[in-house]
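Visitor: Have a look at this one before I ask anything.
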Amino acid sequence: MSRKLTTTAQACSGCRLCQLVCALGHFDENNVKKAALGIRGSFPAPGRYQVRVCVQCGTCAEVCPVEAITRRDGVWVLDRELCTACGACISACPWGVMFTHPGTPQPIKCDACGDCVPYCPREVLRIAEEAEE
Amino acid sequence: MSDLMGYGGRVLRVDLSRGSHSVEPLDREMASQYLGGRGFVARILYAEVPKGADPLGPENRLVMAAGPLSGSFLPCSGKLHLGARSPATGGYGDANIGGHLAMELKHAGYDVLILEGTAAEPCYLVVDDDLVAIRDARDLWGEGSFGTETRLKDLLGEDFQIATIGPAGEKLVKFACITHDFGRQAGRAGIATVMGAKRLKAVAIRGTRGFPVADPSAVLATGKTMFQTIFGLPGFREWTPYGTAGITDWVNQVGAFPTRNFQTGFFEDHAAIGGKAIRDRILVLDKGCFACPIPCGKYCRIEVDGEEVFVEGPEYETVAMVGGNCGLGQIEAVAHVNAVMDDLGMDTISGGNVVAFALECAERGIIKPSDTGGRRLCFGDLDSVLWLTRCIAAREGIGDLLAEGVKAAAARLGGGSDRFAVHVKGLEVSGYEPRHAPAMALAYMTCDVGGHHNRAWAITYDVAVGRDRVEGKAARVIELQHLRPLFDMLGVCRFPWVEVEFPPETYADIFPAVTGVKRSWADLLRCSERVWNLTRMFWVRHVPDFGRVWDLPPARWTEEAIASGPTQGKLLPPATVALLLDDYYRLRGWDRHGIPTPTKLKELGLDYTLTGAG
Ligand code: SF4
Ligand code: SF4
């Protein structure tokens, strides 16, 4: 089984509640800058927000020299204890969703916990689970 | 990081004359008595603006402040408050803005930004956590709001939050506005005019540190409950799609829609410019502020001469003041003017009011063809509205005089135009016609920045309890004047309560999780009453003849009956005005001239205002 956070066809309003839930849940901090998903606005034209989420492709795990990113229950999860903060995964991530924050040496990675999903008021986020061949 | 929970813990002071800055710890006593946001703005302005200081001079302060709840995981915590001695009125001036500025400022570790002095050359301010820099903005001077925001984001990074003035602010138009996030404005009282006078084109903020909350797990748990409550309220699905403009039909039904410079309270084309017209015809995106589950921003696209034009809004006030009040009966026309005013950096409320005033002057021959280069100006004509808007922003020709606002313009134009200059204290009245709504009229008369609705949106009360009734109206206005501005002190938006019926006291429930301090809702309201009396004392301090006459309504409301519609024939008799004010002053503990009594001031801990000390 594979599991990932993904988006629906709904339009994001830019509220960043998902980021607040994410950072509070994972870091115990009220700080959107420590979230494992990104919101980027394109204004004035065409006038939309892009929600940047981890697609669980596993490229990061392939390049990690200390095997700090491993698959657990169908999700690529970063072990912050093992991570040496070398940054290899950050540059390797094809989607630019290994997030960084000046206050923490390790990257911040989505673990598809789904906590943000019910708090997205626009129903933009969902968890996708798929059986693997 | 600060040990003061719920706060960034620091005050950033920037002296634009010297090009220097300093960082001070946030005063704990101030935090406890004035909470934050509007409370900090009022307290700091009272203390720091020297008596009678020129609003456009270096001694005036422009203060921006977040609240203790701003930036937290709770509904609509994106609000920042801004204030200065108002160049529009000479008295206390403030405005509020949503978007992401408050969160960003607190994440950088500051609750308050104080701007003082005047830069020698156009500049912009960068605040990037601890890095503070004043940079050259000569090549941004003259640029529109949207262009400035785009250019600064390209230069600094998309994750910077920008507050900028447009050309109107640079030209010191008295009703210039600050724009942020491509469509959020701090519109009223000429705060952007002060920014223009300081030659500060923009402020760009990025903060990464976050701020400490007393109990993060309690914030998460309580916040989740608050959001679930909102998701379950009918208004969550019913109000959000139309936002503030959804109320347009109702305001017309009750004959309170300012139309053609407040000549009447009913606009025949209102259905073509309201919330439904916006959603059906021009909407691109429901866009909201930080942490908002009910995004009221209606981001729109129209076509102008074959080109796409984007604008956030029109929200209700723009629909009323640019639509009904200028007689524009097509939503595309209203959105077009909205886009032009936003980009020029002009408040659409005062802007719509001033343009409508000019149109009436033209129709009555007070503004003559020789003043307009032979151009015929009339209500309902998009070209007239756009032409006046551009003249005002550039201060060209007749626009130079109109850029001073309706009070000053009427004084110079003469011809009896002061009888239809619709302002209170020199601030143009916003989008409600209250001749048959005494509570709403009193709200406008006593609002602490001048003719603005948002301190006490009492019209629903008038309609609910009887519109001819006077008793009880002052009490309700006072109650609202404490309740509504409290949101501006806490740093959160009122709309979950006002529009979606979310119980406001809930914010007191989450207060200890954020700040570590338990405060009752009544206690928080008391802080708001303190601030209301303090802003009144700001007027007393800075305006020599301040008193009752400053609270009088525009002549049009007392002298002239509403011309048509459901409220046709109604006016606000002077005797009613006197009753309302007497009642209001008495209940407030003010004397009959409208000055807070020493007893009241002492009771609220405002003794320092009695000596005139800061
Ligand atoms: S919670 Fe939803 S609407 Fe809000 S920023 Fe995240 S994805 Fe966008
Ligand atoms: S309701 Fe509107 S103003 Fe209030 S926070 Fe939401 S988007 Fe901002």
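Any read-out appearing in this document is the output of simple, stated calculations on the displayed coordinates, not a laboratory observation. For clarity, every value in this text was computed on a predicted model and none was experimentally measured. So basically every Cβ, Gly included, is an ideal-geometry build from the backbone, and we count neighbours across all protein chains shown.
Visitor: Only four residue types carry charge here, +1 at the Cβ of Lys and Arg and -1 at the Cβ of Asp and Glu. Report the dipole size of chain B about the Cα centre in Debye, rounded to the nearest 20.
Guide: 1280
Visitor: In the structure displayed, which of B:Lys174/B:Lys473; A:Lys34/B:Lys224; B:Lys153/B:Lys287 lie more than 23 Å apart, Cα to Cα?
Guide: Pairs exceeding the cut-off: B:Lys174/B:Lys473.
Visitor: Here's a follow-up. Cα centroids of region B:80-99 and region B:233-261: how far apart, whole angstrom?
Guide: The distance from the Cα centre of region B:80-99 to that of region B:233-261 comes to 26 Å.
Visitor: What does the average come to when, for each residue of peptide B:72-79, you count the partner chain Cβ atoms lying within 10 Å of its Cβ?
Guide: 3
Visitor: A follow-up question, please. Add -39500 (n - 2.57) for each DSSP H run of 4 or more in chain B, then divide by its residues: what number comes out at 222 nm, to the nearest 500 deg cm²/dmol?
Guide: -11500 deg cm²/dmol, from helical runs alone.
Visitor: Around B:Arg592, under 10 Å between beta carbons, what's the net of Lys plus Arg minus Asp minus Glu among the other residues?
Guide: Surrounding charge for B:Arg592 is 0.
Visitor: For the pair B:Ala561/B:Asp381, report the inter-label distance in nm, with labels modelled 7 Å from Cα in the Cβ direction.
Guide: My value for the distance between the label points is 3.1 nm.
Visitor: Report, for chain B, the % of DSSP beta bridges that are antiparallel, rounded to 5.
Guide: Taking every DSSP beta bridge with both residues in chain B, the antiparallel ones total about 80 percent.
Visitor: A further question on this structure: Let me see the pair-distance distribution of region A:71-133: every alpha carbon pair, 10 Å bin width, integer percents in order.
Guide: Answer for region A:71-133: a P(r) of 18, 41, 34, 7, 0 percent.
Visitor: For region B:13-37 and region A:90-110, compute the distance between their C-alpha centroids and round to whole Å.
Guide: After rounding, the separation between the Cα centres reads 34 Å.
Visitor: Report the local net charge at B:Asn96: Lys and Arg +1, Asp and Glu -1, summed over other residues whose C-beta lies under 15 Å from its C-beta.
Guide: Summing Lys and Arg as +1 and Asp and Glu as -1 gives 0.
Visitor: Give the distance, in whole Å, between the Cα centre of region B:362-381 and the Cα centre of region B:468-527.
Guide: 46
Visitor: Nearest 500 deg cm²/dmol is fine: what mean residue ellipticity at 222 nm does chain A get from its DSSP H runs of n ≥ 4 alone, each adding -39,500 (n - 2.57), divided by its residue count?
Guide: After summing the helix terms and dividing by residue count, I get -4000 deg cm²/dmol.
Visitor: To continue, here is another question. Which lysines have a Cα less than 22 Å from the Cα of B:Lys368, not counting those fewer than 8 places away in the same chain?
Guide: Leaving aside lysines fewer than 8 places away in the same chain, those within reach of B:Lys368 are B:Lys407.
Visitor: Right, something else. Give me the mean projected area, in nm² to one decimal, of the convex hull enclosing the Cα positions of region B:434-610.
Guide: For region B:434-610, averaging the hull's shadow over all directions gives 11.2 nm².
Visitor: Let me know the charge dipole size of the protein assembly as shown about its Cα centre in debye, to the nearest 20, where only the beta-carbon of Lys, Arg (+1) and Asp, Glu (-1) is charged.
Guide: Using Cβ point charges on Lys, Arg, Asp and Glu, the protein assembly as shown gives about 1320 debye.
Visitor: Summing Lys, Arg as +1 and Asp, Glu as -1, what charge do residues with Cβ under 11 Å from the Cβ of B:Gly397 carry, B:Gly397 excluded?
Guide: 0
Visitor: Hey, another quick one. Would any residue of region B:264-306 have its amide N under 14 Å from a label point 7 Å out along Cα→Cβ of A:Ser42? List them or say none.
Guide: So the set is B:285.
Visitor: Here is a follow-up. Please give the residues of region B:1-30, grouped as numeric ranges, whose backbone N is less than 17 Å from a label point set 7 Å along the Cα-to-Cβ vector of B:Ala120.
Guide: B:15-21
Visitor: Quick one: work out the % antiparallel among DSSP beta bridges in region B:10-206, nearest 5.
Guide: Counting only bridges with both partners in region B:10-206, antiparallel ones make up about 75 percent.
Visitor: Same structure again: For region B:192-237, build the convex hull from the C-alpha positions and give me its volume per residue in Å³.
Guide: So the per-residue hull volume is 175 Å³.
Visitor: Dimensions of the protein assembly as shown along principal axes (Cα, Å, largest first)?
Guide: If we take the Cα atoms of the protein assembly as shown, the spans are 83, 61, 54 Å.
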